[in-house]
Amino acid sequence: DQRVAAVAHLSIGFGVIVGVGFLLGLAINLVIWLRSRRSPVVEYHAEQAGAYQLAVLLANLGMAGGWILVLVLWMGDYALGWLSFGQILTAMLVLLPFEIAWYFGTIALGVYGGLVVAAGRDFSYPIFGSWARRRLEAKEAARVVGPRQG
C-alpha cells in the first residue's frame, strides 16, 4: 500500500515533460484512486495528490494563458487601456523567475511527498491533505452509521 500511495505522489514528476506531462500524472493518479477503494491509506494519498496535481495543472494553464495573451497583444500591437505592451511584458518578465520556481517547486513537493510516503511516514499537502482527510472521515462515518432511515 505504501508503494502505491507513493506512486500517487510521484506521478507529478511527469510534469517535467512539458505538454502532456501533468495530464499523464493525473491519469496515473486517477487509476490509482479508482483502484484504491480497498486501502484507506492509498485512497487518502491518491485523493490528496490528485487534488494537488489538478490545482497545479490549472495554475500552470492560467500562467501559460497569460503568456499567450501577452504574445497576442504584442503581435497585434494592442494596449490594455492605460497599460502599454512594454509595461505588460516587463511585468511578465519580472514574474518569470517566480513562475519557473513555481513550476519546478510544485513538482519537487510532489516528489518529496512520494519519497516520504515510500519511507513509511505520513505526508499531507497544505490545504489538500486536510481536505482529503475530512472527506474520507465523513465517508467512513457515513459507512459506519449506514443509510438514513426515513
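For region 1-110, the helices (runs of 4 or more DSSP H) that sit wholly inside it and include 2 or more residues that are surrounded by fewer than 12 Cβ atoms within 10 Å (Cβ to Cβ) are 40-76. Among the residues of region 113-130, those identified as surrounded by fewer than 15 Cβ atoms within 10 Å (Cβ to Cβ) and closer than 17 Å to Ala55 by Cβ are Pro126, Ile127, Ser130. Among residues of region 83-109 that are under 15 Å from Leu10 (Cα atoms), those with a beta-carbon under 6 Å from a residue that is of a type in the set (Gly, Ala, Ser) at least six positions away or on a different chain give the pairs Ile107/Gly15.
FYI, it's all coordinate maths here, none of it is from the lab. Keep in mind that what you see is a predicted model, and the values were worked out from it rather than measured. All Cβ positions, even for glycine, are placed from backbone atoms using ideal geometry, and neighbour counts span all protein chains on display.
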